Amino acid sequence: MLDISIVQQIAQTVRSNVARVIVGKDEVIDLLLVALFCEGHVLLEDVPGIGKTTLAKTLARSIGANFQRIQFTPDLLPSDITGVSIYNQETQHFEYRAGPIMSQLLLADEINRAGPRTQSALLEAMEERQVTVDGVTRALPYPFLVLATQNPVELEGTFPLPEAQVDRFLMRLSLGYPSREEERQILRRFRTANPLVELSAVISTDELRHANQICRAVFVHPVLEDYLLDLVAATRNHPSFALGVSPRGSLAIYRTMQALAAVRGRTYVIPEDIKTLAAPVLAHRLAPSMDARLHGQSTQQVLTSLLNETPVPVEEIWSQSP
């Protein structure tokens, strides 16, 4: 019997701990937990000052993860990320000096300010959980999560992320501005001290690994698989898209809808899970066609249209095999 309450309890524990620092943003926090349970990476795209860095530090402390931050700049080198081998004259051997990539939660701050060569230093780590320096491959610790940030407004001095790297992000999220009352709470909460200083870990690595295994066992009805595949095929055939969802993207939304169902206390997926995750998981993987750009159509608008056009399966019992 699948004990989904374990995932629920872990999610609630981490959510409550993060809420001691972050005001509101429950939906974003839940999606971050989904990414954590799926061992996926997240691209936080929003204007400066919203709290992206604070959120990353808060999540790292809540799960007891080793946290490292890289400030991406145009002069950043790949070796500044992956580390470098230095010759030791005493031992007459090369010794590996680890870079910040050898961490559990890596904040890639303003990732689009580094050049393509430096950005590509993350590709192997994000996909294969390993890093190769001077021909020697080293495994990364568990869990390994990249939280990258970028400013969607300021484009001067930035380099667009290549499609291969964008596709490696499980989700793209945006925090957005707080409401008036939420901002009032922020002012009062940070008035005398930073609550992040007193934050401690509330779950262990073993608990997180167990939650990952439970999420993988969440049931997906074959009819919902067809619904997902219909949606993916529609992105590949739609004239507004020059680039549709890749098989990596299909697998990404499949795993995230399993994890979201578990976070919400279900042992099975329902159509609403797919609808909730379509934008954060699929939108950044789509490239608009030239015609769509000329007509001012955004990727989000076309994806929403496809969701409305794709027939939603009607099934009363999603928890049972056909």
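Looking only at residues in segment 276-322 that are of a type in the set (Val, Ile, Thr) and either touching a helix residue (DSSP H, G or I) at 6+ places or on another chain (Cβ under 7 Å) or at pLDDT 75 or above (or both), which one is nearest to residue 239 (Cα to Cα)? In this case the residue turns out to be 302. In segment 186-210, the qualifying residues are those that are polar (S, T, N, Q) and surrounded by 11 or more Cβ atoms within 10 Å (Cβ to Cβ), and the one that is farthest from residue 60 (Cα to Cα) is 194.
Answer yes if at least one residue in segment 232-241 is farther than 27 Å from residue 286 by Cβ, without any contact (Cβ under 8 Å) to a residue 24 or more places away in the chain and in a helix (DSSP H, G or I), and no otherwise. Looking through segment 232-241, none of the residues is farther than 27 Å from residue 286 by Cβ, without any contact (Cβ under 8 Å) to a residue 24 or more places away in the chain and in a helix (DSSP H, G or I). For residue 225, are the conditions met, namely being surrounded by fewer than 17 Cβ atoms within 10 Å (Cβ to Cβ), at pLDDT below 90 and farther than 16 Å from residue 31 by Cβ? Judged against the criteria, residue 225 is not a match.
Identify, from the list 129, 168, 138, the residue that is on the phi < 0 side of the Ramachandran plot and either surrounded by fewer than 17 Cβ atoms within 10 Å (Cβ to Cβ) or without any contact (Cβ under 8 Å) to a residue 24 or more places away in the chain (or both). On inspection, the qualifying residue turns out to be 138. Only residues that are over 22 Å from residue 34 (Cβ atoms), small (Gly, Ala, Ser) and either in contact (Cβ under 8 Å) with a residue 40 or more places away in the chain or outside any helix (DSSP H, G or I) (or both): list them for segment 272-322, please. Within segment 272-322, 287, 289, 292, 296, 298, 321 qualify.
Candidates in segment 84-110 are the residues that are among the hydrophobic types (A, V, I, L, M, F, W, C) and modelled with pLDDT of 90 or more; of these, the one that is farthest from residue 160 (Cα to Cα) is 102. Counting only strands (runs of 3 or more DSSP E) that sit completely within segment 130-218, those holding 3 or more residues that are in contact with a helix residue (DSSP H, G or I) (Cβ under 7 Å, 6 or more places away or on another chain) correspond to 130-133, 145-150, 169-173.
The values are calculated or read from the model by the stated rules, or taken from the named source; none is laboratory data. Treat the numbers as computed from the prediction; the structure is a model and nothing was measured. With ideal geometry, Cβ positions are generated from the backbone for all residues, glycine too; neighbour counts draw on all protein chains shown.
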